[in-house]
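Structure first, then comments.
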Amino acid sequence: MNKLEFRKYLKENIMVLDGATGTELQKRGMPSGVCPEKWVSENPEVLINVQREYIKAGSKVVYSCTFGGNGGKLSEFGLGHEVFEINKKLAQISKEAVLDNGFVAGDIAPTGHFIAPFGNMPFEKAVDIFKEQVKGLLAGGVDFFVIETMVDIQEARAALLAVKECCDLPVCVSMTFDESGRTLTGTDPVTAIITFQSLGADAVGCNCSTGPEDMLKVIKAMKPYAKVPLLAKPNAGLPRLIDGKTCFDMGEDEFGSYVKEFIDAGVNLLGGCCGTSPLYIEQIKNNIKGFKPKAIEPKIISCVTSSRKTVYIGANEPVAVVGERINPTGKKKLQEELKEGKTSQIRTFANEQIEKGAAILDVNVGMPGIDEKETMVNTVQFLTTTVDAPLCLDSSSPEVLEGALRIYPGRALINSISAEKTKLEKLLPIASKYGAMFILLPLNDEGVPQRAEDRFKIIEDVYEEAVKYGFSKEDIVVDGLVMTVSSDQNAAIETLKVIKWCSDIFKTGSIVGLSNVSFGLPERSWVNTAFLAMAIGNGLTMAISNPSSEILMSIKMASDVLTGKDKNSIKYIEHFGAKKSDKPATVKNVIELSTEERIYDAVVKGDTENIKNLIDTGLKEGREASFIVDKCLIPAITRVGDLYDKKEYFLPQLIQSAEAMKEGFNFVEPLLLKEDTREEKVRIVLATVKGDIHDIGKNIVGLMLKNYGFDVVDLGKDVSAQEIVKNAREKNARIIGLSALMTTTMIEMKEVVKVAKKEGLDAKIMIGGAVVDSAYAKEIGADGYSEDAYSAVKLANKLAGRA
Amino acid sequence: MCVSTLKFFENIPVVPDKNMVLTRLGYKKTKTVFDDTYRVKLDEQIKQGIGLCNTKAVFGRYKIEEWQNDAISFSKDKVFKSESVAKLLKNSLEVVLMASTVGKNITEIISDEIKNGNASFGVVLDSVASQTADGALDWMVDFINKLLRREGKKLTSKRYSPGYGDFPLLNQKEIYNILNLNKLDIEITDRYMLVPEKSVIAIAGIEGIE
């Protein structure tokens, strides 16, 4: 069956698929725990009987019994080396079953592994695994392919590419959506239909996981956007486990009662999944009588997708901003990170741009000194796990673009394709193969035409070529090509003409990279923003810009309201309605505070940046260092302790204040030594006990103790009892602080107490950590337990007789 | 017997619950106060923390071969001796072993920040990392439940970790080996501690949906 015959059949008929196979095989003696594919290949007559029953019940198509026939699954049974032979044989068995009474669909299902970057299987390995299976099924004579029960859009893409790269037979893609209407990895039905039909699927749909009611919602969601026939294979209701067996709660009559609704919703291929049998298929056959499939009349829309989101673009949609910041030009730090394979700048730019309103992110990694293709692929993989915005793949290299498109788990936007002959010849087939939208750049081998009219001609020429590869106008967005007004004041007017022509005459969307227009001028944001407003007025649908510009984004949102694209001004109100009005600030004027109040405040608020300057001011104003310590710093940190005790402060605030205290105290301390003789600091030896590697809690306690005037000797982690006691003795410590986080290491605390006693050390021992408590402290003979850093300070004060 | 192969996740899209991040730091909704400037700073620190987590996870399903009041056996010679675990798995057909980690990068940065006088940031990162590692297990539980639903099964509502109650920490070693945690760049010490520190192991049962 070729693609034309497939489409023709589905235009006139509802294609009835089969129902569950596994349960039917079990009913006929297939033992549990065996490899079904191998068992069937050794017991072909059983499958033949099942499939003939399905044909008799009304199925026009049976699936080959190859659900687990890929290398990933067969390897679990030690049959990884028999993939081709098993698939070939199983396809032949099904062909023998149906004879001339129906078709055999080569069944392809998940490998059982997740694809990188989400999982650990490389994308190309998945493609290869599926190709091996496809070749076997082709050799067995299948009529077309069904990729089914897919929970991950990327794995389904790998299977679809595998089929497309092996043959030209029709191929259907069926995902599994749960009650929430999404796949396990978060893909919604609209994103699925747009991605797969763009990538060349001949039918798209859903199977398994839900019964008819929930599956209808998926079909209804897909239908308005479907350029291809839709497929549904619902379960027989919801599963229950009864006596160790999975059973379904919907009988065949009830199942059959949904058939008309499925046809009304626009389904073209209908069958059953788990829990169904030939009786259920018979219901479908009976209930489709007299019905024709609904016509395929999709909305004419432009859209791109990520794996979890669809962004619509067009005259009736808000202007889509493509964030331009993931581009190393002029960004030294990003350049360094790209060279080192780091991603923190990319993550920051991505998140910030989306927060500021970018709908799509442009990704350009072109710079000297890197492998652009590898960097682009890695960056795209990173972004697909980091954000859910679709990506605009920006490179002048066809190889780089193909590398990125291949692993991009959605429908991308290509930036860009021009009329330059060699690039056009290379890029159109690539864009077509991966189903991408593209930005049409109206320049050719002679350069950028100055006049708009000359650009129209190039646009028409590129479009004419693109049509040959199956593109329509909604798959293209034309770049208005903004030139610099400082060198040619007519440049912006020519660009606006292109935008208007695209909107009114040629009927495509348009896009501009805004910042170029103002190059060389001062205060560029005014020119950029004015140009954006004018371009939107002329019909612009997309803009490549930095969404961090508040004025630009505000004008965009206002323009969306004025052009009626922001329906009921919802987005505008959401954005600006949430902003606080510009009330005058009611903050107390800090200048009115005295210097000691400001020092006190700096500790209470944890202002590490200003504490030293404030103390310096206080000293210059004639205050004694001891006055600053006794009247400002100590009262302030005591106040912080009170606030923490009352839970008005939480841990980061307590530590931040302690850090400000430390900063201030370190600054003033040398002066104190000159001034007076203060009480000698109490020395504490701190350690995480032997075998324990957790030291964050102990480090925090050490920091707090230091800031409260203790002399802390931190021995680190995994320290033996002997070492701790030895150090305590040598350093004349009055207190030993022990930390342990695990039940297996807390026993070491007892050992420390034992060794200390044995050696007659008179230091007090305090303990802390997630698994210990005051009862344990008492049990092992320690002198106290503290539950957190601040209570450790209080306990240490008490043990040192300072409380 | 292993019901299916180990499932590895190299990038779990988990965003830790901000309220839980704050609660771990002692934040009390009705008592703790801070101004807008601090709130913005804290939000920024939490975001940075999320960005530093490289969250990975793995799980495997194993048929329970024998159940006793104080032990379960699975996967031929593997036994968990614990009344609490046996109670948890009383109605289970299978046991699910799972683990998650946020990677060593954030752990190193936490340590550096605390040592270099920015401990207030360090403790926020520490809380984000702990919550993200736990959040990864929550995400995986949700993921596994969606997978199981098709079989008419679900995970037990609670999960258990070695080191709690009567389930000794030494079981971490057994689970570490079964789940091949070295593939997630996790190591285990001779005292059964996981390195990086922000790594978590848990077990749950698979039951039928009634």
Along the Cα-to-C-beta direction of A:N101, a point sits 7 Å from the Cα; which residues of the stretch A:1-27 have their amide N less than 14 Å from that point?
A:18
How much FRET efficiency would the formula 1/(1 + (r/R0)^6) give for A:K27 and A:E254, where r is the Cβ-Cβ distance and R0 is 22 Å, rounded to 0.05?
0.55
Within 10 Å of the Cβ of an average residue in B:144-154, the count of other chain Cβ atoms is 5
Which value, in nm² and rounded to one decimal, describes the direction-averaged projected area of the C-alpha convex hull of the stretch A:79-148?
4.9 nm²
Given Cβ point charges of +1 (Lys, Arg) and -1 (Asp, Glu) and nothing else, what value in debye, to the nearest 20, does the dipole of the protein assembly as shown about its Cα centre take?
1100 debye
Stretched fully, the stretch from A:S472 through A:I747 gains (0.36 nm per residue minus C-alpha distance, one decimal, in nm) 91.7 nm
Magnitude of the Cβ-charge dipole (Lys and Arg +1, Asp and Glu -1) of the stretch B:1-127 about the Cα centre, nearest 20 debye, reported as 260 debye
Could you work out [θ]222 nm for chain A from helices alone, using -39500 (n - 2.57) per DSSP H run of at least four and dividing by all its residues? Round to the nearest 500 deg cm²/dmol.
-14000 deg cm²/dmol
What dipole magnitude, in Debye to the nearest 20, does the stretch A:241-362 give about its Cα centre under +1 on Lys/Arg Cβ and -1 on Asp/Glu Cβ?
640 debye
Roughly how crowded by other chains is peptide A:219-228, in terms of the mean Cβ count from those chains within 10 Å of each of its Cβ atoms?
0
For A:G19, which sequence-distant residues (separation of 5 or more, or a different chain) have an amide H within less than 5 Å of its own amide H, given hydrogens modelled in the peptide plane?
A:G272
Please report the net charge: other residues with Cβ closer than 9 Å to the Cβ of A:G691, K and R +1, D and E -1.
-2
Mean-position separation - Cα centroids, the stretch A:184-201 and the stretch A:754-803, in angstrom:
61 Å
Rg/Rh over Cα atoms for the stretch A:682-799, Kirkwood Rh, comes to 0.91
Furthest towards positive pole of dipole, B:L97, B:I46, B:S111, structure part the stretch B:10-137, Cβ charges
B:L97
Could you pull out every one of the lysines with an alpha carbon less than 16 Å from that of A:K8, ignoring same-chain neighbours closer than 8 positions?
A:K60, A:K227, A:K292, A:K294
If you find the alpha carbon centre of the stretch A:452-515 and of the stretch A:696-723, how far apart are they in angstrom?
67 Å
Identify the residues of the stretch B:146-178 with backbone N under 13 Å of a label point that sits 7 angstrom from the Cα of B:I209 along the Cα-to-Cβ direction, or state none.
B:146-155
Ordered by packing density, taken as the mean number of other Cβ atoms within 10 Å over each peptide's residues, highest first, how do A:379-385, B:54-60, A:637-643, A:143-149 rank?
A:143-149, B:54-60, A:379-385, A:637-643
Dimensionless Rg/Rh of the stretch A:590-675, both radii on Cα and Rh by Kirkwood, sits at 0.97
Apply the a/c threshold of 1.5 to the C-alpha gyration tensor of the stretch A:3-287 and tell me whether it is rounded, prolate or oblate.
rounded
Taking placed amide H atoms and a strict 5 Å upper bound, the residues 5 or more places from A:C247 or on another chain that come that close are A:R240, A:L241, A:I242
Compute for the stretch A:408-504: radius of gyration divided by Kirkwood radius, i.e. Rg/Rh, restricted to C-alpha atoms, rounded to two decimals.
0.99
Along the Cα→Cβ direction, 7 angstrom out, place labels at A:I573 and B:D112. What is the inter-label distance in nm?
4.8 nm
Mean Cβ count within 10 Å, highest first, over the residues of peptides A:354-361, A:58-65, A:297-304, A:520-527:
A:58-65, A:354-361, A:297-304, A:520-527
Which of the GluC sites (Glu not before Pro) across the stretch A:375-468 are loop residues per DSSP, with 15 or fewer other Cβ within 10 Å?
A:E446
Running Debye on the protein assembly as shown with equal point scatterers at the Cα sites and no solvent, what base-10 log of I(q)/I(0) appears at q = 0.05, 0.06, 0.07 Å⁻¹?
-0.40, -0.57, -0.76
Can you tell which of A:I735, A:V771, A:A721 lies farthest toward the positive end of the dipole of the stretch A:682-799, using +1 and -1 charges on the Cβ of basic and acidic side chains (Lys, Arg; Asp, Glu)?
A:I735
For the pairs A:K332/A:K717; A:K356/B:K28; A:K497/A:K556; A:K73/B:K90, note any where the Cα-Cα span goes beyond 29 Å.
A:K332/A:K717; A:K356/B:K28; A:K73/B:K90
Column: log10 I(q)/I(0), Debye, Cα scatterers of the stretch A:302-577, q = 0.07, 0.12, 0.15 Å⁻¹:
-0.23, -0.71, -1.16
In the stretch A:744-803, the GluC sites (Glu not before Pro) that fall in loop regions by DSSP, at most 16 other Cβ within 10 Å
A:E759, A:E787
Rounded to the nearest Å, what's the spacing between the alpha carbon centres of the stretch B:134-172 and the stretch B:19-93? Just the number, please.
9 Å
Ranked highest first by average number of other Cβ atoms within 10 Å, how do A:534-543, B:41-50 line up?
A:534-543, B:41-50
Computed on Cα atoms, Rg of the stretch B:7-208 relative to 2.2 N^0.38 Å comes out at 1.11
Number of partner chain Cβ atoms within 10 Å, mean per residue of A:117-124
3
Radius, Kirkwood style, for the stretch A:197-258 when every pair of distinct Cα atoms is counted (Å):
13.0 Å
Given B:L6, A:Q353, A:L241, which one lies farthest toward the positive end of the charge dipole of the protein assembly as shown, if we put +1 on the Cβ of every Lys and Arg and -1 on the Cβ of every Asp and Glu?
A:L241
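Laboratory data are not the source of any read-out in this text; all were calculated from the coordinates shown. Bear in mind that the values here come from a model prediction, so they are computed numbers and not experimental data. With ideal geometry, Cβ positions are generated from the backbone for all residues, glycine too; neighbour counts draw on all protein chains shown.
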